[in-house]
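S.K.: One structure coming up, written as structure tokens, with questions to follow.
The values are calculated or read from the model by the stated rules, or taken from the named source; none is laboratory data. As the structure is a prediction and not an experimental result, all values here were calculated from the model. So basically every Cβ, Gly included, is an ideal-geometry build from the backbone, and we count neighbours across all protein chains shown. Surface accessibility is based on the protein's heavy atoms, side chains included, excluding ligands, DNA and RNA. Shrake-Rupley method; radii C 1.70, N 1.55, O 1.52, S 1.80 Å.
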Amino acid sequence: MDKMSMWYDRMGHCVINEEMLRKAVEEQGPQGRAGRIAKEGGIQYDEVIQLRLEYKKILQIDHLWEFTSLTKLQLNNNSIEKIQGLEKLTNLLWLDLSFNKIKMIEGLEALVKLQTLSLSNNQIPAIEKMDTLEHLEILSLGENVISQIDNVIYLRRFKNLRSLNLARNPICQETNYKIFVVAYLPDLVYLDFRLVDEQTRERALTEINVMTDNELKEKRAMEAQKITEQELQLHKDAFVEYLNGPQLFDSMFADDAEESRLASLPGVPKLLETYQTELVALCMQIFETGLIQHAERKNEGDSFFTCCREAVSDNQQRAAQIVTDFEESRRQVMAEMQKITDPELLEAQRDNYSEKISQLSDTLMTLELQLVDQLEDVFKEFERNISDMVGAFIENVQGIFAQCRELEKHYHEKLQEIALATLEKMARNELEEDMPEDMHLLLVDKDTVVKAVSASHDTHQLKIDNREDELMTRINSWMSAMMKSVQDEEVTRNRKRISEIRNYLEYVRNQLDEIILPEQQ
């Protein structure tokens with residue numbers, strides 16, 4: 001037998017090969033006199049319409065690329081582990097791969113005309129990778145290992161699907177399995193080889209209304225979450241996240257151990273309300289300034305990178321033209337040198353061309369050096385502009401945070417006045433209403449009151465200082481990291497370009513060195 005003959009492994013498995021295909025076509029083709037005539041005329045695989053290759057212990061699909069007219073292919077009851085080798089069977093309407101060892105649906109992208117597909121009795125865990133099978137009408141996936149009921153939702157894309165078999169898969173154990181499938185696939189006529197009855201269809205119709213409503217709610221929730229996440233990322237990129245509301249104010253009082261006692265003092269609730277309104281307004285100023293500055297920095301960055309790309313592109317085009325012109329000249333000169341028989345003349349030509357290569361090297365290196373200088377100037381201007389923007393933003397933000405501290409100082413002073421006044425009234429028994437127990441613990445004496453108010457003030461001040469420090473640290477780190485990234489990318493580009501030039505020059509020099517002088521031949 002030749003190398004195309006059928007071969008078997010130790011387990012008796014085989015692959016599809018020339019001998020197997022020839023025998024199958026002969027056995028399944030016309031018999032008698034018509035068969036002999038067809039055999040004498042030669043087997044034309046591209047004219048075969050149907051092919052059966054079942055019960056042949058096939059391990060791997062192969063050698064089917066000539067069967068371009070095939071509409072029906074039976075590969076059931078074999079040992080196939082992977083769907084492959086079907087790319088040329090674009091006219092296939094019917095494919096049976098049942099009773100094999102397939103573990104994944106794949107390799108079906110080219111079968112765009114397929115109407116019937118059987119993959120039952122395999123080891124498939126998921127329904128997937130069938131997007132191109134728009135004409136699918138019958139799908140059999142019974143006795144696999146499909147366990148996620150949500151796999152059924154994937155099948156909604158097949159508008160022509162009328163018969164589906166999922167029997168004896170783990171998903172069949174799900175509560176209301178049949179109702180769920182019919183609800184998501186309302187055009188099914190047969191499910192698991194049984195006609196879908198009207199009672200099931202009516203129950204499914206009720207269920208699909210609920211599921212559709214839930215899907216819509218989930219979709220809206222996901223879209224809203226995505227928008228929220230995108231907005232938060234924008235705020236983080238601008239270094240002003242959680243400054244567009246009372247978050248800073250809330251955090252100041254969340255960690256304030258004295259807040260509950262001090263807040264119950266007469267007049268403090270109104271003071272707190274005013275304080276919150278004014279602090280939130282200052283935070284909004286920082287927030288809005290941050291978004292504006294971020295947009296300006298982004299525009300500056302976009303302009304910088306566009307300028308760099310255009311400079312590099314222009315330089316590369318000029319260099320490419322120089323190399324193209326040199327290559328045209330080089331091929332002509334090399335061809336001429338191959339014909340020279342005078343050693344002295346050839347040596348002179350080689351020396352002359354070696355000089356031209358050196359000149360090319362100087363030209364390309366000079367061009368790259370000009371680009372490096374140009375990009376360096378652009379980078380310096382970009383760094384200066386970004387530094388100015390960041391500096392102006394920091395100065396603006398520091399001024400607003402200073403106002404926040406002044407606001408906290410004012411609140412602290414007013415709170416202390418209220419607390420001490422309340423202490424005096426308490427000493428004179430002038431309080432009009434009974435005080436809570438925790439206020440009694442606060443209004444012991446002046447030192448206790450002052451310490452409580454001061455502790456509260458220190459907590460608030462620390463929160464304001466930390467938020468300001470965080471903003472400054474992050475924006476400065478961002479600026480440093482970006483500048484370093486730009487510089488590193490330029491160094492990498494330059495090194496790569498120098499390497500490309502040297503490699504090309506080495507190539508043309510090697511080509512020149514291969515020209516042998518006549519006396520050396």
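S.K.: For a quick check of your reading of the model, give me the residue pairs whose first member lies in segment 265-294 and is closer than 24 Å to residue 414 by Cβ, whose second is among the acidic types (Asp, Glu) and open to solvent by 60 Å² or more (accessible area, probe 1.4 Å), with beta-carbon atoms closer than 7 Å and at least 6 apart or on different chains.
M.R.: Listed pairs, sorted by first residue: none to list.
S.K.: Scanning for something within 33 Å of the chain's Cα centre (by Cα), closer than 23 Å to residue 120 by Cα and either without any contact (Cβ under 8 Å) to a residue 24 or more places away in the chain or outside any strand (DSSP E or B) (or both), does segment 185-204 turn up at least one residue?
M.R.: Step one: list which residues in segment 185-204 are within 33 Å of the chain's Cα centre (by Cα), which gives 185.
Then drop every residue that is not closer than 23 Å to residue 120 by Cα, which leaves 185.
Now narrow it down to the ones that are either without any contact (Cβ under 8 Å) to a residue 24 or more places away in the chain or outside any strand (DSSP E or B) (or both): 185.
Scanning segment 185-204, I find at least one residue that is within 33 Å of the chain's Cα centre (by Cα), closer than 23 Å to residue 120 by Cα and either without any contact (Cβ under 8 Å) to a residue 24 or more places away in the chain or outside any strand (DSSP E or B) (or both), so the answer is yes.
S.K.: Is it the case, given these coordinates, that residue 46 is over 18 Å from residue 116 (Cα atoms) and not in a loop (DSSP other than H, G, I, E, B)?
M.R.: On the way: over 18 Å from residue 116 (Cα atoms): yes; not in a loop (DSSP other than H, G, I, E, B): yes.
In short, yes.
S.K.: Do you know which residues across segment 264-320 are open to solvent by less than 80 Å² (accessible area, probe 1.4 Å), of a type in the set (Asp, Glu) and more than 29 Å from the chain's Cα centre (by Cα)?
M.R.: Listed by number, the list holds a single entry, 314.
S.K.: Here is a follow-up. From the set of residues in segment 137-154 that are touching a helix residue (DSSP H, G or I) at 6+ places or on another chain (Cβ under 8 Å), open to solvent by less than 60 Å² (accessible area, probe 1.4 Å) and modelled with pLDDT of 95 or more, which is nearest to residue 76 (Cα to Cα)?
M.R.: Residue satisfying both the conditions and the ranking: 139.
S.K.: Right, here's the next one. Whether any residue in segment 83-104 is surrounded by fewer than 16 Cβ atoms within 10 Å (Cβ to Cβ), hydroxyl-bearing (Ser, Thr, Tyr), assigned to a loop (DSSP other than H, G, I, E, B) and under 35 Å from the mean Cα position of the chain (by Cα) is what I want to check.
M.R.: So far as segment 83-104 goes, yes, one or more of its residues are surrounded by fewer than 16 Cβ atoms within 10 Å (Cβ to Cβ), hydroxyl-bearing (Ser, Thr, Tyr), assigned to a loop (DSSP other than H, G, I, E, B) and under 35 Å from the mean Cα position of the chain (by Cα).
S.K.: Which of (1) within 30 Å of residue 481 (Cβ to Cβ); (2) open to solvent by less than 30 Å² (accessible area, probe 1.4 Å) is the odd one out, the single condition residue 376 does not satisfy?
M.R.: If we test residue 376 against (1) within 30 Å of residue 481 (Cβ to Cβ); (2) open to solvent by less than 30 Å² (accessible area, probe 1.4 Å), just (2) comes out false.
S.K.: So for segment 327-334 (the condition being in contact with a Leu (Cβ under 7 Å, 6 or more places away or on another chain) and modelled with pLDDT under 90), does at least one residue qualify?
M.R.: We begin by selecting, within segment 327-334, every residue in contact with a Leu (Cβ under 7 Å, 6 or more places away or on another chain); these are none.
No, segment 327-334 contains no residue that is in contact with a Leu (Cβ under 7 Å, 6 or more places away or on another chain) and modelled with pLDDT under 90.
Yes or no, residue by residue, for (1) at pLDDT 90 or above; (2) assigned to a helix (DSSP H, G or I); (3) aliphatic (A, V, I, L, M):
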position	(1), (2), (3)
362	yes, yes, no
400	yes, yes, yes
403	yes, yes, no
415	yes, yes, yes
435	no, no, yes
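S.K.: How many of the residues making up segment 179-195 are among the charged types (D, E, K, R) and under 18 Å from residue 158 (Cα atoms)? Write out each step before concluding.
M.R.: Just the residues of segment 179-195 that are among the charged types (D, E, K, R), to begin with: 187, 192, 194.
Then keep just the ones that are under 18 Å from residue 158 (Cα atoms); that gives 187, 192.
Within segment 179-195, residues that are among the charged types (D, E, K, R) and under 18 Å from residue 158 (Cα atoms) number 2.
S.K.: Scanning segment 321-367 for residues that are open to solvent by 30 Å² or more (accessible area, probe 1.4 Å) and of a type in the set (Ser, Thr, Tyr), which turns out farthest from residue 494 (Cα to Cα)?
M.R.: This residue is 341.
S.K.: Taking interchain pairs and intrachain pairs at least six residues apart, which have beta carbon atoms under 7 angstrom, with the first residue in segment 324-337 and in contact (Cβ under 8 Å) with a residue 60 or more places away in the chain and the second open to solvent by less than 70 Å² (accessible area, probe 1.4 Å) and β-branched (Val, Ile, Thr)?
M.R.: Short answer, once both residue conditions are applied: 330/508; 337/515.
S.K.: So is residue 116 under 18 Å from residue 24 (Cβ atoms) and β-branched (Val, Ile, Thr) or not? Before you say what the answer is, go through the steps one by one.
M.R.: Numbers: under 18 Å from residue 24 (Cβ atoms): no; β-branched (Val, Ile, Thr): yes.
No; evaluated as a whole, the condition is false for this residue.
S.K.: Something else now. What is the number of the single condition among (1) open to solvent by less than 40 Å² (accessible area, probe 1.4 Å); (2) over 20 Å from residue 279 (Cα atoms); (3) among the aliphatic types (A, V, I, L, M) that residue 464 does not meet?
M.R.: (2)
S.K.: Right, something else. For segment 43-68: of the residues being within 38 Å of the chain's Cα centre (by Cα) and over 16 Å from residue 81 (Cα atoms), which is most open to solvent (accessible area, probe 1.4 Å)? Break it down into steps so the answer makes sense when it comes.
M.R.: Applying the first criterion (within 38 Å of the chain's Cα centre (by Cα)) to segment 43-68 yields 59-65, 68.
Now narrow it down to the ones that are over 16 Å from residue 81 (Cα atoms): 63-65, 68.
Numbers: 63: 42, 64: 1, 65: 130, 68: 56 Å².
Across segment 43-68, the extreme among qualifying residues is 65.
S.K.: Another question, if that's okay. Applying the selection to segment 467-478, what residues are open to solvent by 40 Å² or more (accessible area, probe 1.4 Å) and of a type outside the set (Asp, Glu)? Lay out the reasoning, then the answer.
M.R.: Pass one, segment 467-478, residues open to solvent by 40 Å² or more (accessible area, probe 1.4 Å): 469-470, 473-474, 476-478.
Passing the criteria: 473, 474, 476, 477, 478.
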